[in-house]
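Below you'll find the structure, written out as structure tokens, and then a few comments.
The values are calculated or read from the model by the stated rules, or taken from the named source; none is laboratory data. Not measured: the values here are computed from a predicted model. All Cβ positions, glycine included, derive from the backbone under ideal geometry; neighbour counts span all protein chains shown.
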Amino acid sequence: MGIVFSIEEFSVFDGPGIRTTVFLKGCPLKCSWCHNPEGRDPRPEVIKSPNGCVHCGACSKFTVTEGERTFLLPDSIKNCPMNLIRMCGEFMTAEELCKKLLKNERILSDGGITFSGGEPLYQHEFLFACLEILKGRMHTAIQTTGFCSKEVFKKAVALADYFLYDLKIVNEEKHKRYTGVSNKQILENFSFLAASGIPFTARTPLIPGVTDTIENIESIAAFLKQNGVGYIELLPYNKLAGAKYKAAGRVFAPDFDPSVNPQPHVEIFHNSNISTKIL
């Protein structure tokens, strides 16, 4: 049994061809630039769209506060006159999810299914059950931070056809500061993937003053070259991400300036014979 918080069809940015992207709940990282804050908590939660709210106060009667977060309770869903409140996160078995995904098997014959999150490997048992059902029928990809045990990652590599792998920060202390976790296992898993022969794409989110510094870009370029990787995709920070925090009952307090445009410094990659694409 797993928890899915979104299924998006006809994606062209989450792997080869046209794909369906499945977003799984839960992520062990705490990146302040996260553009899917509703995917952090591994539990289903009630969220509210801020668009169209008439501020009637009906939902305020059904809240509970824990630390910095104020949660809407399930009873708030039926009491919103504008129908702006919904449950984010649905329990599904691997069989139920795959049955739904396989309905588009013919349409996605040149694409496939991408599992994202959150961090999909946070629900690795559910993910692996899905990959085993889909293997040989649909092309599968995992979009991951790489933060998981070596054993879990090796099994993921054995089951999936493709990876989209985030490389955020190479310096371990800075990685801990901005994401809340060490990157030691992330870098080790990346090196394992690079040596495995499984197709993958390295990606770096460009966060102003954090991941787009010359020091960090040089470190990423050196790490890619060390692992024989000659291509990377760069994803500039999405300035609309902040609006999603209120819907998820979270405070948006980034430790960077979201109004600044990040600098890709592509010349650093090119000087190391690494081609780039800015998405």
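Where the second residue is loosely packed, with under 13 Cβ neighbours inside 10 Å and not polar (S, T, N, Q) and the first is within 20 Å of Val54 (Cα to Cα) and lies in region 79-99, which pairs have Cβ atoms under 6 Å and are six or more apart or on separate chains?
Met82/Gly52; Leu84/Gly52
Listed residues Phe115, Phe62, Phe91, Phe71; which is surrounded by 14 or more Cβ atoms within 10 Å (Cβ to Cβ) and under 30 Å from Gly17 (Cβ atoms)?
Phe115
I'd like the full set of residues that are farther than 22 Å from Asp41 by Cα and of a type in the set (Gly, Ala, Ser), limited to region 72-109.
Of everything in region 72-109, just one residue is farther than 22 Å from Asp41 by Cα and of a type in the set (Gly, Ala, Ser), namely Ser109.
Considering only region 16-65, how many residues are under 29 Å from Met138 (Cβ atoms) and of a type in the set (A, V, I, L, M)?
The total comes to 4.
Residue by residue through region 1-45, note down the ones that are out of contact with any helix residue (DSSP H, G or I) (no Cβ under 9 Å at 6 or more places or on another chain), closer than 14 Å to Tyr245 by Cβ and not in a loop (DSSP other than H, G, I, E, B).
The one that is out of contact with any helix residue (DSSP H, G or I) (no Cβ under 9 Å at 6 or more places or on another chain), closer than 14 Å to Tyr245 by Cβ and not in a loop (DSSP other than H, G, I, E, B): Gly39.
In region 118-155, which residue that is among the aliphatic types (A, V, I, L, M) and within 19 Å of Phe10 (Cα to Cα) is surrounded by the fewest Cβ atoms within 10 Å (Cβ to Cβ)?
Met138
Given the criteria touching a residue at least 12 places away in the same chain (Cβ under 8 Å), in contact with a Phe, Trp or Tyr (Cβ under 7 Å, 6 or more places away or on another chain), in a strand (DSSP E or B) and within 20 Å of Asn36 (Cβ to Cβ), does Ile169 qualify?
no
Mind counting the residues in region 208-265 that are part of a helix (DSSP H, G or I), modelled with pLDDT of 90 or more, of a type outside the set (D, E, K, R) and over 16 Å from Leu187 (Cα atoms)?
Here the count works out to 1.
Considering only residues of region 12-42 that are among the hydroxyl-bearing types (Ser, Thr, Tyr) and either in contact with a Leu (Cβ under 9 Å, 6 or more places away or on another chain) or at pLDDT 95 or above (or both), which is surrounded by the fewest Cβ atoms within 10 Å (Cβ to Cβ)?
Thr21
Tally time: how many residues in region 43-53 are at pLDDT 90 or above and surrounded by fewer than 18 Cβ atoms within 10 Å (Cβ to Cβ)?
Within region 43-53, residues that are at pLDDT 90 or above and surrounded by fewer than 18 Cβ atoms within 10 Å (Cβ to Cβ) number 2.
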